[in-house]
1. Of the conditions (1) more than 14 Å from the ligand (Cβ to nearest atom); (2) under 30 Å from LEU239 (Cα atoms); (3) part of a helix (DSSP H, G or I), LEU168 satisfies every one except a single condition; which number is it?
2. Among residues belonging to the range 51-62 that are within 12 Å of the ligand (Cβ to nearest atom) and open to solvent by less than 30 Å² (accessible area, probe 1.4 Å), point out the one that is farthest from the chain's Cα centre (by Cα).
3. What are the pairs with Cβ atoms under 7 angstrom where one residue, in the range 222-251, is in a helix (DSSP H, G or I) and the other, located anywhere, is within 16 Å of the ligand (Cβ to nearest atom) and of a type outside the set (Ser, Thr, Tyr)? Sequence gap at least six, or different chains.
4. Which residues, taken from the range 241-291, are within 23 Å of the chain's Cα centre (by Cα), among the hydrophobic types (A, V, I, L, M, F, W, C) and away from the ligand (no atom under 13 Å from the Cβ)?
5. Kindly indicate whether any position in the range 124-147 is assigned to a strand (DSSP E or B), in contact with a Ser or Thr (Cβ under 8 Å, 6 or more places away or on another chain), farther than 20 Å from LEU241 by Cα and in contact (Cβ under 8 Å) with a residue 40 or more places away in the chain.
6. For the subset of the range 111-167 comprising residues that are among the acidic types (Asp, Glu) and surrounded by 22 or more Cβ atoms within 10 Å (Cβ to Cβ), which member is farthest from PHE57 (Cα to Cα)?
7. Would you be able to tell me the number of residues in the range 73-97 that are within 16 Å of the ligand (Cβ to nearest atom) and either out of contact with any strand residue (DSSP E or B) (no Cβ under 9 Å at 6 or more places or on another chain) or open to solvent by 50 Å² or more (accessible area, probe 1.4 Å) (or both)?
8. Taking only pairs six or more apart or across chains, which ones have beta-carbon atoms under 6 Å, a first residue in the range 99-112 that is over 9 Å from VAL85 (Cα atoms) and away from the ligand (no atom under 14 Å from the Cβ), and a second residue that is of a type in the set (Lys, Arg) and open to solvent by less than 10 Å² (accessible area, probe 1.4 Å)?
Amino acid sequence: MKRSVIDILDLSVEELNGLMDTAEDIIAHPDDYADRCRRKKLVTLFFEPSTRTRMSFEAAMYELGGNVLSMTDAASSSASKGESVADTARVISCYADIIAMRHPKEGAALVAANNATVPVINAGDGGHCHPTQTLADLLTIRREKGGFSGLTVGLCGDLKFGRTVHSLINALSRYDGVRYVLISPEELKLPSYVKEEAIKPRGIPYEQTESLEEAMPKLDVLYMTRVQKERFFNEEDYLRLKDSYILDPAKMTLGRRDLIVMHPLPRVNEISVAVDRDPRACYFKQVLNGKYMRMSLILKLLEEAAS
Ligand code: ASP
């Protein structure tokens, strides 16, 4: 049966664990998967800029032996003539076996999923969510820390507009024993709906601070984020807030020896390049893990659609 993934909550904890297990198997036995999507087509429909996510989906499909059709620029598509997302999704369903879509408007992926006749994967909808980044994040944490239980996770930067933060909190909150340190300027605090829906009902311990230095020694995982320039209404606010946090080697000395540092990328200034040499920096591993998790998800949704 056709099934789409719009929100990370569309996948149960058992399914998340299963996707990570498949990804591990792909890493261990890539040849076993090289032909699994033969004659299947993925369409990547990107109405908003992306390097990593789109290429990661495309690389994932190629490594499964499938083919890719790509729309990389909304300006050159029929959207610029006024076509609705609903119509685009219907039309693309005639060419694709599965669609990965990114759109600047919250909810656009859901509209596409409701109108497509093939599975739709949300590759980011505005400031709302980004479930496949979360799949990459989960696999990275599991591989580096051995699991999720008992971890103190610091999320730092733009917690308001950062869709990867919202999706990650929704996912991690379903694992026992996680706690959060939310590090942001007052204006970029985590939206209360995320706290009310994901954190508070489960009684998950969390603290909010503006100080990265104070938070550092407490953390098992530090998830840095970029201030989301494209979601600001005025440039002055962005310029004032953009360099609120810069993780550098001096701040890294405050972190535990087994800390891991993550970032969904692209990085602007929030992690200095000198940190890349620190073995605790995991953001490039995260990129690779994202490809394996997208392979795992494409496989699962195509298998379900065929059954
Ligand atoms: N690549 C991530 C996203 O699409 C993070 C970012 O852009 O800051 O949300």
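1. With (1) more than 14 Å from the ligand (Cβ to nearest atom); (2) under 30 Å from LEU239 (Cα atoms); (3) part of a helix (DSSP H, G or I) applied to LEU168, the lone miss is (1).
2. For the range 51-62, the residue satisfying everything is SER56.
3. Close Cβ pairs satisfying both conditions: ARG231/GLY127; ARG231/PHE161; TYR238/VAL227; TYR238/LYS229; TYR238/PHE232; LEU241/LEU188; LEU241/VAL227.
4. Correct list: LEU241, ILE246, LEU247, LEU259, ILE260, VAL261, VAL273, VAL275, ALA281, CYS282, PHE284, LEU288.
5. yes
6. Here the answer is ASP158.
7. The number of residues fulfilling the criteria is 0.
8. Pairs found: none.
The values are calculated or read from the model by the stated rules, or taken from the named source; none is laboratory data. From a predicted model like this one, the values you see are computed outputs, not experimental measurements. Neighbour counts run over all protein chains shown; Cβ positions are idealised from the backbone, glycine included. Surface accessibility is based on the protein's heavy atoms, side chains included, excluding ligands, DNA and RNA. Shrake-Rupley method; radii C 1.70, N 1.55, O 1.52, S 1.80 Å.
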